[in-house]
1. Hey, does the stretch 61-80 have a residue that's within 28 Å of Lys135 (Cα to Cα), of a type outside the set (D, E, K, R) and outside any helix (DSSP H, G or I)?
2. Just for the stretch 1-33: of the residues that are among the polar types (S, T, N, Q) and closer than 29 Å to Pro115 by Cα, which one is surrounded by the most Cβ atoms within 10 Å (Cβ to Cβ)?
3. Right, Leu85: in the same structural domain as Thr44 (by TED's automatic domain parsing), on the phi < 0 side of the Ramachandran plot and either part of a loop (DSSP other than H, G, I, E, B) or among the acidic types (Asp, Glu) (or both) or not?
4. How about the stretch 140-153: which of its residues are within 17 Å of Val25 (Cβ to Cβ), assigned to a helix (DSSP H, G or I) and not small (Gly, Ala, Ser)?
5. So the check is Cβ under 6 Å with 6+ separation or different chains; which pairs have a first residue in the stretch 46-74 that's within 20 Å of Gly6 (Cβ to Cβ) and a second one that's in a helix (DSSP H, G or I) and of a type outside the set (Ser, Thr, Tyr)?
6. Hey, does the stretch 34-45 have a residue that's under 30 Å from Ala138 (Cβ atoms), surrounded by fewer than 17 Cβ atoms within 10 Å (Cβ to Cβ) and either over 12 Å from the mean Cα position of the chain (by Cα) or free of Cβ contacts under 8 Å to residues at least 24 places away in the same chain (or both)?
7. Go through (1) modelled with pLDDT under 95; (2) not in a helix (DSSP H, G or I) and name the single condition Glu99 misses.
8. Working only within the stretch 110-138, note down all residues that are over 17 Å from the mean Cα position of the chain (by Cα) and assigned to a helix (DSSP H, G or I).
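The values are calculated or read from the model by the stated rules, or taken from the named source; none is laboratory data. A quick note: this is a predicted structure, and the numbers were derived from the prediction, not measured. Cβ placement follows ideal geometry from the backbone for every residue including glycine, while neighbour counts extend to all protein chains displayed.
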Amino acid sequence: SGKIDGFFHLRDSLELIKDEFDYAVIDCPPSLSMITLNAFVASTGLLVPLQVSKFSLDGIEAILEAHKNTVKRFNPSLKVFGAVLTMFNPRTTLSQTLEPMIEPYLKLFSSRIPPSVSVEEAHMMKQTLFEYQPKGKATKSYQGFVEEVLALG
């Protein structure tokens, strides 16, 4: 029973503070670790950031399989809200090719996050992108993505 309980730590902790927040965003590493599975169990929906790369395309199947197993065993209400493409450059063949390859598996948000060194610089400066470069292209793209997510309700 202890091993199964491990999947519920995050959900139980969030349950204690749920009335203090409208939303909780859980940013997970790009791997299916115990942390990520805890997040799946605790969440109502998945937002999947996909960097424009073959590795991301390869990982979609694993994410969807983990989602299916989580719904079946631990969290029947978990939904996949969709994916957002990051490091997206519409002028590259890679971006143009990957987008239609992803669409059969995941709904894509219309926002596309461009490559931007300011994202890493903000992280290095321990600031949000909105603090570091409020008028930047990447900042505006992330704002558009947030608005799309909030429109889901």
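1. Here is the first cut: in the stretch 61-80, the ones within 28 Å of Lys135 (Cα to Cα) are none.
Scanning the stretch 61-80 turns up no residue that is within 28 Å of Lys135 (Cα to Cα), of a type outside the set (D, E, K, R) and outside any helix (DSSP H, G or I).
2. Going residue by residue through the stretch 1-33, those that are among the polar types (S, T, N, Q) are 1, 13, 31, 33.
Checking the rest, the ones that are also closer than 29 Å to Pro115 by Cα come to 31, 33.
Values: Ser31: 9, Ser33: 11.
Checked the stretch 1-33; the qualifying residue surrounded by the most Cβ atoms within 10 Å (Cβ to Cβ) is Ser33.
3. Values: in the same structural domain as Thr44 (by TED's automatic domain parsing): yes; on the phi < 0 side of the Ramachandran plot: yes; either part of a loop (DSSP other than H, G, I, E, B) or among the acidic types (Asp, Glu) (or both): no.
So Leu85 fails the test.
4. Correct list: Tyr142, Gln143, Phe145, Val146, Glu147, Glu148, Val149, Leu150.
5. Filtered contacts from the stretch 46-74: Thr70/Phe40; Phe74/Phe7; Phe74/Val41.
6. Yes; the residues of the stretch 34-45 include at least one that is under 30 Å from Ala138 (Cβ atoms), surrounded by fewer than 17 Cβ atoms within 10 Å (Cβ to Cβ) and either over 12 Å from the mean Cα position of the chain (by Cα) or free of Cβ contacts under 8 Å to residues at least 24 places away in the same chain (or both).
7. All conditions are met except number (2).
8. Scanning the stretch 110-138 gives Val117, Ser118, Glu120, Glu121, Ala122, His123, Met124, Phe130, Glu131, Tyr132, Lys137.
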